Amino acid sequence: MLTAYLLVAVAFAFAFSIGAHYTGACVGMPYAAGALRLWPALLLMAPLALLGAIFASGGVEATVGHGILRSPTITLGVALAIVASAFALTSGYNLLTIPTSTIQILVFSVVGAGLAAGLSIDWSTIGTLLVLWAIAPFAAFGLGFAFTRASDRWWRQAARLPARGLASYGRLGLVAVGGAASFAMGANDVSNASGSFVMTGLFGLTLAAAIGGVGLALGVITWGKPLLQKVAFDVVRLDARTATSAQLAQSAVILVSVAFGLFTSMNQALVGGMVGAGLARGRSTVSWKTVRGILVGWAAGPASGAALGFALTLGLLAIHVA
């Protein structure tokens, strides 16, 4: 029973950390472009992330709960090792304000824990996810580039409208795509934490998603500011149109993935969209030093997840918890 309580507590803390981690990925663009101030941005994101978790995460919850490890029953101890590993690493990246992929950390924590516990791993699912993760940033890059070019052409044609009217359309568009990204994040990422409940049979899909969604929302409001500022201002210099294009590209990639019961990185999709949107205006808009730093975080995340998941599971097995 104690292990079950620990699992719920750590999973909720992980959801809290995830919510904070993805503020920049969801509402960084409207915030950077001045369409939303800090607190309105966070208060827009939190409830939409909760709604996405409750109403659109079922397919991804099932993938995490039943599609990575083939064993019909996963012990509470193994699930605790998985979630604790992913939570510790995500929190570390949060403290360093380095955007990474909590999904990739989680999946490879599952792999590491499964190997340590001698469980069968569904490598076909891992292979599918790896292909998706490789494609997603480039898809977002292409969409961000295309959306920016299309937006620029439309804006030239709409130049007859009053300047104030154009600015209002731009702000509304940014707020709308930030809201869409927030909903997509809830659907895409809540299972990183709450999938462990499904994996062990502790809770059903809906209750698991609701618990995780509350954690996401609280993390957004209470710890979301640092990553919001990092992504909003340090990666690429965007105006309202390129910011809208980048965020729309990200949301499209994430929602298509979720529709197939798969999940991919919010940050990777956003940075791909941002770089594509920036290059549509010229190479000088991109802070390549910051992008290189983010790439290092992406490379380290899966490896560190697998290593820590493996080590923590072995430790728990040694004390007969897993």
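The values are calculated or read from the model by the stated rules, or taken from the named source; none is laboratory data. None of these values were measured; they are calculated from a predicted model. Neighbour counts are summed over all protein chains in view; Cβ atoms, including those assigned to glycine, are modelled from backbone coordinates with ideal geometry.
Tabulated data for the structure shown
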quantity	calculated
Listing of helices (runs of 4 or more DSSP H) fully contained in the stretch 167-278 that carry 2 or more residues being surrounded by fewer than 19 Cβ atoms within 10 Å (Cβ to Cβ) and in contact (Cβ under 8 Å) with a residue 12 or more places away in the chain	205-223, 225-234, 240-259
The stretch 79-110 - residue that is of a type outside the set (A, V, I, L, M, F, W, C) and outside any helix (DSSP H, G or I) and, of those, farthest from the chain's Cα centre (by Cα)	97
Every pair of residues 6+ apart whose Cβ atoms lie under 6 Å, when the first sits in the stretch 290-311 and is farther than 8 Å from residue 112 by Cβ while the second is of a type in the set (Asp, Glu) and at pLDDT below 70	290/234
Residue that is farthest from residue 308 (Cα to Cα), among those in the stretch 101-140 that are of a type in the set (Phe, Trp, Tyr) and modelled with pLDDT under 95	138
Any hit, the stretch 111-123, residues being closer than 17 Å to residue 315 by Cβ and outside any helix (DSSP H, G or I)	yes
Index of the failed condition, residue 24 passing every other in (1) among the small types (Gly, Ala, Ser); (2) under 16 Å from residue 80 (Cα atoms); (3) within 15 Å of the chain's Cα centre (by Cα)	(2)
Residue 46 modelled with pLDDT of 90 or more and over 18 Å from residue 251 (Cα atoms)	no
Any hit, the stretch 40-51, residues being over 18 Å from residue 190 (Cβ atoms) and either free of Cβ contacts under 8 Å to residues at least 40 places away in the same chain or among the small types (Gly, Ala, Ser) (or both)	yes
Selection within the stretch 25-70 - small (Gly, Ala, Ser) and assigned to a loop (DSSP other than H, G, I, E, B)	33, 34, 35, 57, 67
Lone qualifier among 64, 131 - being β-branched (Val, Ile, Thr) and in contact with a helix residue (DSSP H, G or I) (Cβ under 9 Å, 6 or more places away or on another chain)	64
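One line per residue, one yes/no per condition, for (1) more than 28 Å from residue 252 (Cα to Cα); (2) in contact with a Ser or Thr (Cβ under 9 Å, 6 or more places away or on another chain); (3) of a type in the set (A, V, I, L, M, F, W, C); (4) surrounded by fewer than 15 Cβ atoms within 10 Å (Cβ to Cβ):
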{"site": "74", "(1), (2), (3), (4)": "yes, yes, yes, no"}
{"site": "79", "(1), (2), (3), (4)": "yes, yes, yes, no"}
{"site": "84", "(1), (2), (3), (4)": "yes, yes, yes, no"}
{"site": "112", "(1), (2), (3), (4)": "yes, yes, no, no"}
{"site": "127", "(1), (2), (3), (4)": "no, no, no, yes"}
{"site": "132", "(1), (2), (3), (4)": "no, yes, yes, no"}
{"site": "137", "(1), (2), (3), (4)": "no, yes, no, no"}
